[in-house]
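Written below as structure tokens is the structure these notes are about.
What follows is calculated from the coordinates using simple rules that are stated; it is not laboratory data. Values in this document were obtained by computation on a predicted structure and should not be read as measured data. We place every Cβ from the backbone using ideal geometry, glycine too, and count neighbours over all the protein chains shown.
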Amino acid sequence: MNRLIVGLCLCFFTHPLLASDVWSFEQKIAVTAKPVKGVFHHLEGAGRKHIAVSGDSIAVSWEDDHSKDPQIYVTSKKTGDHVFSKKLQVSTGLEAYEPAIAALTGSQFILAWEQDGSVYVRSLSGQRLSMTSRLSTDTASQVSLATTGHNSFAVWREQRGRSWSLWVARLDLDSTGLLVVTSKSRVEPVELDTPVLFPTIAVNDVGLMVAWEDRQSGHTRLKYSYSVDNGSSFSESQYLNEFFSNRNKYDKGSGVTRVSMSAYAEDELVAAWMDKRRGGTGYGIFAALGSDDSFGPNEKVHSKQGDTLPHYNPATAGNNAGNFAVAWDDYRQGNSDIWISSYNEDDEWSIDFSPKPASGKGEQSHASIALDNQGNLHLLWIEREKIDAPSRLWYSYGKPR
């Protein structure tokens, strides 16, 4: 499996590789205005896809309640700019939640979100938003996106009565910027009588992969399914997280939640999630690398430093050049900080690194990341003075060393 990362030139060093050996982060840039009492920003979309890069443009999408009702917003900037554009409201209904954003070609983007019990998409080009398109038929939520060039895919969950299902749509962009559904398929062959949660999707040159939380076994497990025909059909679902128990024969395994997944190189994938297999220390960040239609063994991402503490909110990123990374937040330094890890020259997870712009005083959490094909790591996060204080969004990017 090809596992190249930025910074292979450091392979002759004998000291353990840190993510800081790979990226040097620039000064942070404000995405939103100063905190306002009672206003909270959320980066809680399925798969945590809240930042994307297309050409020389960077776009960010989130939910906040500054208008009293939760709505979805987007802003963007050119890579050399130090100020984000005026935000645009993406959603058009009474309430909206959990957006996702992905890059198209030519500095264009696709946005998806939940609004009043349905799932919608629209495109962004410059400061112009297209008309909205509804994807869902029944009550729907938790949408995520993946793109490769002009090919765009969305995954979401629907509930019909007491039955649950996952759906994938292939989307085309017409001449007006409208996103048109060209195919729509259910991932599992039949509707399920147990919930499916927080699906995520990744696409590369050989196919597309969907992963999600599943409760058919009476306990939350992660499953995945693969398609080689642009989402028209899917393989039989398999378990992503390995069964782990250190208790007794009646145990259903360690708790898992919030999988994020990204494609990298030509045919490879990285998935990361929160996993309680470490016992009484709370969630750890675990990952698996995939190629074609399957994943390899589960691997603990974070290093021993802070290993007795819980870790939260993993996000993934990858690029066509073969780079990938995982970001999360934890409290090992007293406050919540953002941490990053990637593979080192020994095909092992590097020592964790907390970028200076996203650490220190205050609470930094809920990272979302994107890797461009030059190896720059674009980082978005929520910052607040203290827990439960009003929030603000910040951005920084790491240049490859």
> Restricting the count to DSSP beta bridges whose residues both fall in the range 270-330, what percent are antiparallel, rounded to a multiple of 5?
Replying inline: 100
> Label 7 Å along Cα→Cβ of residue 320; the range 36-60 residues with amide nitrogen under 16 Å?
Replying inline: 53-57
> Bin by bin, in steps of 10 Å, what percent of the Cα pairs in the chain do you find, going until the bin that has the longest distance?
Replying inline: 5, 25, 35, 26, 8, 1
>> Less than 17 Å apart at the alpha-carbon level, and either on another chain or at least 8 residues along: which aspartates and glutamates does that give for residue 78?
In response: 26, 56, 372
> Which lysines, on any chain, are close to residue 386 with Cα under 28 Å apart, when same-chain ones fewer than 8 places away are left out?
Replying inline: 28, 34, 37, 49, 68, 86, 87, 276, 304, 356, 361
> Given labels modelled 7 Å from the Cα in the Cβ direction, how far is it in nm from residue 24 to residue 82?
Replying inline: 1.8
>> Could you tell me the relative contact order of the range 132-208? Use alpha-carbon pairs under 8 Å, at least six residues apart, and round to a whole percent.
In response: 31
